[in-house]
1. For the chain: lysine pairs with Cα atoms under 15 Å, gap of 8 or more or different chains, count?
2. What spacing in nm lies between the two simple spin-label points modelled at E402 and V97, each 7 Å away from Cα in the Cβ direction?
3. Tell me the Kirkwood hydrodynamic radius of segment 22-219 in angstroms, computed as one over the mean inverse distance between distinct C-alpha pairs.
4. Compute the FRET efficiency between S417 and K279 as 1/(1 + (r/R0)^6), taking r as their Cβ-Cβ distance and R0 = 35 Å, and round to the nearest 0.05.
5. Sort 403-412, 301-310 by the packing proxy (mean of other Cβ within 10 Å over each peptide's residues), most packed first.
6. In Å and on Cα atoms, what radius of gyration and Dmax does the chain show?
7. Just the number: Rg to Rh for segment 311-419, Cα atoms, Kirkwood Rh, two decimals.
8. Among L345, A321, Q307, which residue has its Cα positioned farthest towards the positive end of the charge dipole of segment 261-419, with +1 placed on the Cβ of Lys and Arg, -1 on the Cβ of Asp and Glu, and the dipole taken about the Cα centre?
Amino acid sequence: MGFMQRTSTHLQRFTVSYEYPVIFTQNVFSLDNLALLEALQAFPSSLSDEESRLRGVDSSTPERFHDQSHPPPPRVMIFLDSGVRDAKPELINRIKVYAEAHSNAFTLVMDPIIVTGGEDAKNDLGLVTQLQQELVRGKMDRHAYVLAIGGGAILDLIGYVAATTHRGVRHIRIPTTTLSQGDGGVGVKNGVNAFGVKNLLGTFAPPHGVIVDSGFLLMQSPRDRRAGLSEAVKVALLRDASFFCWLEEHAARLSEGDLPSLEHAVRRSAELHMDQIVKGGDPFERGSARPLDYGHWSAHKLEKLSQHALNHGEAVAIGIALDTRYAVQRGLLPPGNEDRVCRLLQALGFHLWHDALEQLDSHHQPAVLGGLQEFREHMGGTLTVILLKAIGTAIEVHEMDESDVSQAIEWLRKSFSLG
């Protein structure tokens, strides 16, 4: 008689608490601005009291920057978006002067490294390796800091580089665009594009800190400045009807680049995005829903179909218009709301039609519908799309009627095509 095979399971369970500051400021590299020093001292809450004692960390005592009994100041390496460098050519020298003035708080290991910005930065896997090698060359370890200054693509790229070197080098973000300051730059996702798929390779790695410097907002072109406002409209539609009304009332000022209006729009958008991460119950998106990706199933596809003639914010604006009209057609959203949403998007300066919407696939169907399948695959096989029940109230659906989507596309063509 043989031995009975026994199976034993030991369930491992632990919790890691994440905490990072999002600091709203202006002119972060002015000598008297201590926002960066605050971000550098804000060690994660998961650090135990004993670990903090052994490392000499006291986040409640800023004077530790001046206490020579503590270990040497942390090493910092900075990656700078080429577009920011071009718009602010004096910035590199200001960073170096700031580092020299605060050398007791951190050590800048080398001059800022310039990285070409824009979506192409996320398409080159060779660049990922090159930047990882820079971290090795700079002797960056898990107690050092990688600082990324730039738009969303650079933040995604550098966040991924930091998260995959030494299994995670501390990362601080300084988003410089309306899009990154109000949305992705304050979140926990990093990634690059691969094999023709947007953000296929990536990590959920919370930053060590985020510094939102409104001084960068007006350096953008009107087109780039406008791009981030579609994400503000999106999150208002999903979470805050009063914010949507505020956007309607201030659309002209936002379109003209009024800084106080832009600051408020960016900050409220960032707050609503952060609320979802903290209170939504799924910060690392392990479920099948992406509750803030309204309009995004088509937007990601339109970016690719237009060969990135549409930037992300422009594609999102079209995606919002498309899904809002679809919700009305399906009886989910009262009629007239699609007109209201589209009026706001137009008032902000968005065009709500692009010929990429008319491209057909090999089955003679709108090619943009392929975005639904890509959305489904990215989330593990179950389609979950966010639609509107009312302005400020979202619902989840698990199927999209392709005939109704096609009718919504036709409505956009008739309403907004310039042809």
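1. Details: K88/K96; K122/K189; K122/K198; K122/K304; K189/K198; K198/K301; K198/K304; K234/K389.
Lysine pairs, 8 or more places apart or on different chains, close enough: 8.
2. In this crude label model, E402 to V97 measures out at 6.1 nm.
3. Details: mean 1/r = 0.0589 Å⁻¹.
Value: 17.0 Å, from the Cα pair sum.
4. Details: r = 40 Å, r/R0 = 1.15.
The formula returns an efficiency of 0.30 here.
5. Numbers: 403-412: 17.3, 301-310: 19.3.
So the peptides 403-412, 301-310, ranked by packing, come out 301-310, 403-412.
6. Reported Rg and Dmax, both Å: 22.9, 85.
7. Details: Rg = 13.7 Å, Rh = 14.5 Å.
Computed over Cα atoms, the ratio is 0.94.
8. L345
Coordinate-derived values only; no laboratory data. It should be emphasised that the depicted structure is a prediction, and the values quoted were computed from it without experimental measurement. Cβ atoms come from the backbone with ideal geometry, glycine included; neighbour counts cover every protein chain shown.
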